[in-house]
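Engineer: One structure coming up, written as structure tokens, with questions to follow.
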Amino acid sequence: MTLRRFLLWVHLVVGLVAAVELLLLGVTGAVLVFESEIERSLNPKLWHVQPEGVRLGIGEFVSRVEKQTQGARITALRFSDDPCVASSASLQGAGGRSWSVTVNPYNGAVLGSLAGTNTIMPKVHQFHTNLLLGKNGKLITGTAAIMLVILALTGLVLWWPRKIWKLDDLKSGKRVNFDLHNALGFWSSVFMLIFGVTGIVIHWDDEASQLVGRLTGMPPRLAIPTMPSVNPDAHPVSAALMYEAATKAVPGAAVNSIQGLNSNKAPVRVTMRFPEDRTPAGRTNVYIHPVTAEVLMAQDSRTAPPAYRWVKLWNRQFHTGDEFGMPCRILTCLASLSLPLLAVTGPLIWWGRIRRRRGAV
């Protein structure tokens, strides 16, 4: 068996095994490129706001929200850097009841509860990452990423002798299918490799972080601080003080969320985002003492260990198409949509050859 025939066999077998999975990942991946925009468009009354000057300060924002929610205490806050997108707050009321609402950041008006929103996008996200099957599903999608890398590399080798760039004969359905698979495979090959490699790292991110840490001789990330002992009756400090402490600890980064408010059992976590960060939620984390507002640990995306920056930041940004802004996101979406076409045209080529062999017998 020649090397080319062996690679053709590998390409065929892996393609048939992975076809359905890659088709589903391609469609869901294309949708998730615009996950936030789609989710907000499905619930416009909850997320769209009209900019009205300057946003409320954190203290006034919290005060107005709690007045409208029958004295419930805010446990988390989330903010958007888009002036037309609402903020959100997680609340805890009497009897331990918890829920989340969206809030107009300019006047503090509660827009509605997130409990009744369209939840299709979170489900699409979970399906893309683990097929809604938990750890077993994550293993399947991780394996599909490995197979995608194999298909991209073997496909380029098999494409080389003919070098089919475009569709030539539009009269023959078989020829169109063959040329489409080859041309589309070539033009999307770089994206397929990026999707595959970054997908592998995402699914085995802890292992990847450990490997990069060993190669660089630096820890994969700073350890999350443990909670110092406090008086159980001590009252947690306000969200405004947490906000102030975080912005002083990491100048130049905007606060995206404050989590763990109104509790003295664990450090408050503040997530932040620098202007150059492409991940929507940012990758800077500040942990603050809930009673004293002392910064226990601050890890920003600019000075974090290489393993954290490469695996948690840049890898995800390339996988989602966020790295170079909207033009790159559009290309990523189109490339992701090419996966279903490749997953269909490839097996059709195989099936056509099987039929021709049977007819020749």
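The values are calculated or read from the model by the stated rules, or taken from the named source; none is laboratory data. This structure is a prediction, so every number in the text was calculated from the model and none was measured. Every residue, glycine among them, receives a Cβ derived from its backbone with ideal geometry; neighbour counts consider all protein chains shown.
Engineer: Conditions first: (1) surrounded by 16 or more Cβ atoms within 10 Å (Cβ to Cβ); (2) in contact (Cβ under 8 Å) with a residue 60 or more places away in the chain; (3) within 23 Å of Ala109 (Cα to Cα); (4) hydrophobic (A, V, I, L, M, F, W, C). Val65 passes all but one, so which condition is the exception?
Structural biologist: Just one mismatch for Val65, condition (2).
Engineer: For the stretch 133-168, what are the residues that are modelled with pLDDT of 95 or more and either of a type in the set (Ser, Thr, Tyr) or loosely packed, with under 12 Cβ neighbours inside 10 Å (or both)?
Structural biologist: Thr141, Thr143, Thr154
Engineer: Still on this structure, please answer the following. Do you know which residues across the stretch 296-325 are closer than 14 Å to Met272 by Cα and surrounded by 18 or more Cβ atoms within 10 Å (Cβ to Cβ)?
Structural biologist: Within the stretch 296-325, Ala298, Gln299, Asp300, Ser301, Ala304, Leu313 qualify.
Engineer: Within the stretch 253-276, can you find the residues that are farther than 14 Å from Gln299 by Cα and assigned to a loop (DSSP other than H, G, I, E, B)?
Structural biologist: The answer is Gly260, Leu261, Asn262, Ser263, Asn264, Lys265, Ala266, Pro267, Pro275, Glu276.
Each row is one residue, and each column tells you yes or no for (1) under 30 Å from Leu339 (Cβ atoms); (2) at pLDDT 95 or above; (3) among the aliphatic types (A, V, I, L, M).
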site: Val49; (1), (2), (3): no, yes, yes
site: Thr69; (1), (2), (3): no, no, no
site: Arg73; (1), (2), (3): no, no, no
site: Arg78; (1), (2), (3): no, yes, no
site: Asn104; (1), (2), (3): no, yes, no
site: Ser113; (1), (2), (3): no, no, no
site: Thr119; (1), (2), (3): yes, no, no
site: His128; (1), (2), (3): yes, yes, no
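Engineer: Taking the stretch 188-222, which residues are touching a residue at least 24 places away in the same chain (Cβ under 8 Å), part of a helix (DSSP H, G or I) and not aliphatic (A, V, I, L, M)?
Structural biologist: Those that are touching a residue at least 24 places away in the same chain (Cβ under 8 Å), part of a helix (DSSP H, G or I) and not aliphatic (A, V, I, L, M): Ser189, Phe191, Phe195, Gly196, Thr198, Gly199, His203, Asp205, Ser209, Gln210, Gly213, Thr216.
Engineer: Restricting attention to the stretch 169-182, does a residue exist that is outside any helix (DSSP H, G or I), of a type in the set (A, V, I, L, M) and either surrounded by fewer than 18 Cβ atoms within 10 Å (Cβ to Cβ) or under 30 Å from the mean Cα position of the chain (by Cα) (or both)?
Structural biologist: Yes, some residue in the stretch 169-182 is outside any helix (DSSP H, G or I), of a type in the set (A, V, I, L, M) and either surrounded by fewer than 18 Cβ atoms within 10 Å (Cβ to Cβ) or under 30 Å from the mean Cα position of the chain (by Cα) (or both).
Engineer: Here are the criteria: (1) surrounded by 13 or more Cβ atoms within 10 Å (Cβ to Cβ); (2) among the aliphatic types (A, V, I, L, M); (3) within 26 Å of Leu313 (Cα to Cα). Tell me which single one Ala223 does not satisfy.
Structural biologist: Ala223 satisfies all of (1) surrounded by 13 or more Cβ atoms within 10 Å (Cβ to Cβ); (2) among the aliphatic types (A, V, I, L, M); (3) within 26 Å of Leu313 (Cα to Cα) except (1).
Engineer: Would you be able to say whether some residue in the stretch 138-145 is in contact (Cβ under 8 Å) with a residue 12 or more places away in the chain, on the phi < 0 side of the Ramachandran plot, basic (Lys, Arg) and assigned to a helix (DSSP H, G or I)?
Structural biologist: Among the residues of the stretch 138-145, at least one is in contact (Cβ under 8 Å) with a residue 12 or more places away in the chain, on the phi < 0 side of the Ramachandran plot, basic (Lys, Arg) and assigned to a helix (DSSP H, G or I), which makes the answer yes.
Engineer: I would also like to ask the following. Restricting the search to the stretch 1-45, which residues are of a type outside the set (Lys, Arg), touching a strand residue (DSSP E or B) at 6+ places or on another chain (Cβ under 9 Å) and over 23 Å from Pro327 (Cα atoms)?
Structural biologist: Of everything in the stretch 1-45, just one residue is of a type outside the set (Lys, Arg), touching a strand residue (DSSP E or B) at 6+ places or on another chain (Cβ under 9 Å) and over 23 Å from Pro327 (Cα atoms), namely Asn43.
Engineer: Pairs under 6 Å by beta carbon, first residue of a type in the set (A, V, I, L, M, F, W, C) in the stretch 79-99, partner surrounded by 20 or more Cβ atoms within 10 Å (Cβ to Cβ) and part of a helix (DSSP H, G or I), six or more apart or different chains?
Structural biologist: Val85/Trp47; Ala86/Trp47; Ala89/Val65
Engineer: Now a separate question. Can you tell me which residue among Leu261, Leu339, Leu348 is in contact (Cβ under 8 Å) with a residue 40 or more places away in the chain, in contact with a strand residue (DSSP E or B) (Cβ under 7 Å, 6 or more places away or on another chain) and among the aliphatic types (A, V, I, L, M)?
Structural biologist: Of Leu261, Leu339, Leu348, the one residue that is in contact (Cβ under 8 Å) with a residue 40 or more places away in the chain, in contact with a strand residue (DSSP E or B) (Cβ under 7 Å, 6 or more places away or on another chain) and among the aliphatic types (A, V, I, L, M) is Leu261.
Engineer: Condition check: without any contact (Cβ under 8 Å) to a residue 60 or more places away in the chain, surrounded by 19 or more Cβ atoms within 10 Å (Cβ to Cβ) and either touching a Lys or Arg at 6+ places or on another chain (Cβ under 9 Å) or among the β-branched types (Val, Ile, Thr) (or both). Does Gly282 satisfy that?
Structural biologist: Yes, satisfied.
Engineer: Where residues in the stretch 316-356 are of a type in the set (D, E, K, R), assigned to a helix (DSSP H, G or I) and over 23 Å from Val14 (Cα atoms), which of them is modelled with the lowest pLDDT?
Structural biologist: Restricting attention to the stretch 316-356, the residues satisfying the condition of being of a type in the set (D, E, K, R) are 316, 322-323, 329, 353, 355-356.
Within this subset, residues satisfying the condition of being assigned to a helix (DSSP H, G or I) are 316, 329, 353, 355-356.
If we keep only those that are over 23 Å from Val14 (Cα atoms) as well, we get 316, 329.
Details: Arg316: 89, Arg329: 94.
The residue in question is Arg316.
Engineer: Would you be able to tell me the number of residues in the stretch 112-132 that are among the aliphatic types (A, V, I, L, M), surrounded by 15 or more Cβ atoms within 10 Å (Cβ to Cβ) and within 19 Å of Val31 (Cβ to Cβ)?
Structural biologist: 3
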